[in-house]
Amino acid sequence: PSKVVKEAFENSLNECDNLTCKVAYLCKFCDEALRLACFPACAARDFVRLFQFIPMKDIFIELHRACMADRLLAGAWQCMDARARVERPLLQELKRCCGAQYTSKCVGMLGDISQSSGVIMDFSEYVHANQIDLKVDLVPLVLTHPLWPDYERGPAAVTNSSRCASPQPVRLPSS
């Protein structure tokens, strides 16, 4: 039965004219689960089982990296250790499936955020010790250039939208 399921899944992926769209939906599902912190290690293993059938793994990792950057930067100064605990199981499974090179940028991004926690604490202590009144919320982050996805330059604007590609949220049927 597993061979039949595997072939059916591969055929459904390969029949679509817009395979990139399916990869984006899978990435969006992964992003939503990680954002909600409901992606335990067993779910990561199950996800990677599906992921193995996707022929466009390079597109998936780029979309995943962009979504991961959004997740990490959106809450970078809040619960960094908890965020890393949520992100690591999936990265470990992807690394096991595709190799260390495949996940190296994502792992490096987690390292940057981890390193940023010390910088943020030192900065906060310095501001408090010197009684500096900042007029804005300022959070210093360590971001190693080649690891993080590039963003288009343009006029600065604050939005609530996510860069992650998907025309609508992915919903799984209730069980």
remark   = Scalar couplings 3J(HN,Hα) for the range 104-109 by Karplus 6.51 cos²θ - 1.76 cosθ + 1.60 (θ = phi - 60°), nearest whole Hz, x for Gly and Pro, are 4, 5, 5, 5, x, 5
ask   = Carbon and sulfur: what percent of the range 35-95's accessible surface (1.4 Å probe)?
value = 57
task = Take the Cβ-Cβ distance between residue 126 and residue 88 as r, set R0 to 25 Å, and report the resulting FRET efficiency rounded to the nearest 0.05.
result = 0.25
ask   = Using heavy-atom solvent-accessible surface (probe 1.4 Å) with all chains present, what is the largest-first order of 68, 121?
value = 121, 68
query = Under a 1.4 angstrom probe, counting protein chains only, how are 132, 59, 113 ranked by accessible area, largest first?
reply = 132, 59, 113
key: Amide H within-cut-off set for residue 142, under 5 Å, with H built and near neighbours excluded   = 116
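The values are calculated or read from the model by the stated rules, or taken from the named source; none is laboratory data. What you are looking at is a predicted structure, and each value in this text was computed from that prediction instead of being measured. Cβ coordinates were reconstructed from backbone atoms using ideal geometry, including for glycine residues, and neighbour counts include every protein chain displayed. Keep in mind that these areas ignore ligands, DNA and RNA; they rest on the heavy atoms of the full protein, side chains included. Shrake-Rupley method; radii C 1.70, N 1.55, O 1.52, S 1.80 Å.
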